[in-house]
Amino acid sequence: MLVILGALLGVFLGARSAMRRNGNRFDIFQFCAVYALAYGLAGLFLTLAAGWLGIGFSS
């Protein structure tokens, strides 16, 4: 769940960052992809850490 939320947040922040820098369509797409990967990976690590610490999101 955190992986998907992180990736979606990354897409939003990446697009916003590229638009602020006056990037063209390809710049926006690249920023979205990189930010989605980075934030999705951070979400994965948070999910793993939560499971390891016993505060997981599943029953």
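Residues are listed down the side, and each one gets a yes or a no for (1) in a helix (DSSP H, G or I); (2) touching a Phe, Trp or Tyr at 6+ places or on another chain (Cβ under 8 Å); (3) among the hydroxyl-bearing types (Ser, Thr, Tyr); (4) in contact (Cβ under 8 Å) with a residue 12 or more places away in the chain:
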site: GLY6; (1), (2), (3), (4): yes, yes, no, yes
site: VAL11; (1), (2), (3), (4): yes, yes, no, yes
site: GLY14; (1), (2), (3), (4): yes, yes, no, yes
site: MET19; (1), (2), (3), (4): yes, no, no, no
site: GLY23; (1), (2), (3), (4): no, yes, no, no
site: ASP27; (1), (2), (3), (4): yes, no, no, no
site: ALA33; (1), (2), (3), (4): yes, no, no, yes
site: ALA36; (1), (2), (3), (4): yes, no, no, yes
site: THR47; (1), (2), (3), (4): yes, yes, yes, yes
Margin query: Quick check on my filter: what residues within segment 12-22 are surrounded by fewer than 16 Cβ atoms within 10 Å (Cβ to Cβ) and either on the phi > 0 side of the Ramachandran plot or touching a helix residue (DSSP H, G or I) at 6+ places or on another chain (Cβ under 9 Å) (or both)?
Written below: PHE12, ARG16, MET19, ARG21, ASN22
Notebook entry, point to check: Residues in segment 1-30 that are in contact with a Cys (Cβ under 7 Å, 6 or more places away or on another chain) and of a type in the set (A, V, I, L, M): how many?
Noted result: 2
Margin query: If I filter segment 31-54 for residues that are of a type outside the set (A, V, I, L, M, F, W, C) and surrounded by fewer than 12 Cβ atoms within 10 Å (Cβ to Cβ), do I get at least one hit?
Written below: yes
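Readers should treat all values here as calculations from the given coordinates under stated rules, not as data from a laboratory. Note that the structure is predicted; figures quoted are calculated from it, not measured. Using ideal geometry, Cβ is built from the backbone for each residue, glycine included, and neighbour counts are taken over all protein chains shown.
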